[in-house]
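Data block below; observations after.
The values are calculated or read from the model by the stated rules, or taken from the named source; none is laboratory data. All values reported here derive from a predicted model rather than from experimental measurement. Cβ placement follows ideal geometry from the backbone for every residue including glycine, while neighbour counts extend to all protein chains displayed. SASA here: full protein model, heavy atoms, side chains in, ligands and nucleic acids out. Shrake-Rupley method; radii C 1.70, N 1.55, O 1.52, S 1.80 Å.
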Amino acid sequence: MVVLEGRVPERLLRLRSDRVRLQLDGCTPLWPCDLNAASGDKRLLGLGVHRVSLVAVGNG
């Protein structure tokens with residue numbers, strides 16, 4: 001499991017209390033056969049996200 005943390009300004013969460021857009025950017029997806037030439041698996045690998053939570057931080 002990987003945990004990513006970042007700061008979200010409290011002002012932003014208060015201003016947009018009904019919605020916040022979170023964008024995760026990654027590298028170009030690979031196929032399993034790119035990682036192992038013996039693999040016949042042609043599915044495109046992606047990113048699985050189990051949970052996202054945002055917590056406001058104060059100014060201090």
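Overview of results
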{"item": "Search result, residues across the stretch 11-49 that are of a type in the set (S, T, N, Q) and either under 20 Å from the mean Cα position of the chain (by Cα) or modelled with pLDDT under 80 (or both)", "result": "Ser17, Gln23, Thr28"}
{"item": "Qualifying residue in the stretch 28-37 (condition: more than 20 Å from Met1 (Cβ to Cβ) and hydroxyl-bearing (Ser, Thr, Tyr))", "result": "yes"}
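For every residue, the table says whether it meets (1) open to solvent by less than 90 Å² (accessible area, probe 1.4 Å); (2) outside any helix (DSSP H, G or I).
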residue	(1), (2)
Val3	no, yes
Gly6	yes, yes
Arg14	no, no
Leu22	no, yes
Gly26	yes, yes
Gly40	yes, yes
Gly48	yes, yes
Arg51	no, yes
